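Undergrad: Mind having a look at this structure? Questions to follow.
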Amino acid sequence: MTQVETAKTAETAQAAEAAEMGETVEAAETEQGGAGLRGAGPRRRGEAMRRAIRIGLRPGPWKRGLVLAALAVLLGLCMLLHARIPNRIGNLGSLMETTLPWFGLFIPALLAGALWRRSASAMTALLLPVAAWLHLFGGLLSDKSHQGGDLMLVSHNVRADNPDPVATARDLAASGADVLALEEITAQARPLYEKELAKEYPHHTVQGTVGLWSKLPLTDTRPVDTMMDYGPLADTKPAHVKMTYNRALRTTVTTKQGRLAVYVAHMGSARVNPRTGFSADSRDRNAQALGKAIAAEQNERVVLLGDLNGTMDDRAFADITSRLRSTQEVAGSGFGFSWPATFPVVRIDQILVRGVQPTSSWSLPATGSDHLPVAARINW
């Protein structure tokens, strides 16, 4: 065999060997790939099962937001059953009733939480507080006022430390009121009010710190004992001493339509104290005494004007609200908030009536007081 033939034979053998090795490697790779594919199937199935289990365990729309749903139910029950909340601890019931309209602010907060949690249970539970709030206050959202009125009434706590009583008196005289009640009149400011109001109101009476100015004659005027001073020493004080801090009166206004019994009152203050809670003992005692006086009133037509230091939802005024109606509720527009004057959040200044028909009720612009004046027109 020649050298050339020997070389070709060697090359052929090498090529065959290389081809065999390539087939072996390729077969091995193919075998490994097949094994990988066969192993991938169970892994994917396991992951799918775990994912399905997680989704199954995830709370659905009715299971999410159960705390929000419970809060919504509690809010609705508090509004519906406010009269059953006891006053034994810090006058909690009266405090809630004083701020009752503002409980509606919790509704949009709970709604936002329900939408964020996508909670069907919370959304459904919110129907209860919405219905409760509308039941209690929905009627105040509409304008119930009407034109006309035989008599215009105004009540205003003028504030003991009013920096400008003269300007306040002029503003009130310009209101057009036929009967004007003032509360918190000091001995120093009284001559100023009497001077500025004399032209518009020829008839007036001041009993202690409350007074009434009228364009119509007044008769049968007297102070009303609302038990501002009580206890063992109360009966030992002379009448002229008690009169200095008297805070209620009763008089009769003679109109073309007949006689109208008018009460003016300033109830004791209510305070919120972190230790004692809602303190309103003096106010509640005054309200009970005034309620008895109104219950004994013989005239069928009665008006109560004053700063009662409480809302008409408060149970403390049950003896009064059972006999008199709020002009704001009957013929007003909105809540008629009157305090504080800079940003009113509660109506504690009231005009209540019996035997006459309110046609409109509203608040007047601010004066130098921390209260807004409240006004109403009535018909016989």
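Undergrad: Would you mind checking the radius of gyration and Dmax of region 55-194 based on alpha-carbon positions, in Å?
TA: Expressed in Å, the Cα Rg and Dmax of region 55-194 come to 23.9, 81.
Undergrad: FRET efficiency for residue 205 and residue 48, Cβ-Cβ distance as r, R0 = 56 Å, nearest 0.05?
TA: With R0 = 56 Å, the Cβ-Cβ based efficiency is 0.05.
Undergrad: Could you pull the Rg and Dmax for region 252-380, using just the Cα atoms, both in Å?
TA: Radius of gyration, then largest Cα-Cα span, for region 252-380: 14.9, 53 Å.
Undergrad: Which order do peptides 81-89, 116-124 fall in by mean Cβ count within 10 Å, highest first?
TA: Highest to lowest by the protection proxy: 116-124, 81-89.
Undergrad: Provide the FRET efficiency to the nearest 0.05 for the residue 134-residue 190 pair, computing r from the beta carbons and using R0 = 45 Å. Before the final figure, lay out each step's value.
TA: Details: r = 45 Å, r/R0 = 1.01.
Efficiency, rounded to the nearest 0.05: 0.50.
Undergrad: Around residue 317, what is the net charge, scoring Lys/Arg as +1 and Asp/Glu as -1 over all other residues with Cβ under 10 Å from its Cβ?
TA: -3
Undergrad: Can you give the FRET efficiency for residue 85 and residue 254, using 1/(1 + (r/R0)^6), R0 = 45 Å, r = Cβ-Cβ distance, to the nearest 0.05? It would help to have the intermediate numbers written out before the result.
TA: Values: r = 44 Å, r/R0 = 0.99.
The calculated FRET efficiency here is 0.50.
Undergrad: Relative contact order (percent) for region 254-380, with alpha-carbon contacts under 8 angstrom and 6 or more residues of separation?
TA: Worked out over region 254-380, it gives 22 percent.
Undergrad: Could I ask something else about it? Mind running the shape call on region 139-220? Use the C-alpha gyration tensor, a ≥ b ≥ c as the square roots of the eigenvalues: rounded below 1.5 for a/c, prolate if a/b tops b/c, oblate otherwise.
TA: prolate
Undergrad: Mind ordering 138-146, 350-358 by average Cβ neighbours within 10 Å, highest first? Don't jump to the answer; show the numbers that get you there.
TA: Numbers: 138-146: 13.0, 350-358: 21.9.
Highest to lowest by the protection proxy: 350-358, 138-146.
Undergrad: Length gain on complete extension for the stretch residue 170 to residue 143, per 0.36 nm per residue less the alpha carbon to alpha carbon distance?
TA: 6.8 nm
Undergrad: Placing +1 on the Cβ of each Lys and Arg and -1 on the Cβ of each Asp and Glu in region 206-354, which of 253, 338, 207 has its Cα farthest towards the positive end of the resulting dipole?
TA: 253
Undergrad: Averaging sequence separations of C-alpha pairs under 8 Å and six or more residues apart, then dividing by the length of region 161-313, give the relative contact order as a whole percent.
TA: Value for region 161-313: 21 percent.
Undergrad: State, to one decimal in nm², a quarter of the convex hull surface area for the C-alpha atoms of region 138-279, i.e. the direction-averaged projected area.
TA: 12.6 nm²
Undergrad: Relative contact order (percent) for region 54-171, with alpha-carbon contacts under 8 angstrom and 6 or more residues of separation?
TA: Working: 92 pairs, mean separation 39.6, N = 118.
Relative contact order for region 54-171 comes out at 34 percent.
A short reminder: the numbers here are calculations on the coordinates, not readings from a lab. Only a predicted model underlies this, so the values are computations on that prediction, with no experimental measurement involved. Here Cβ is always computed from backbone atoms with ideal geometry, including for glycine, and neighbour counts include all displayed protein chains.
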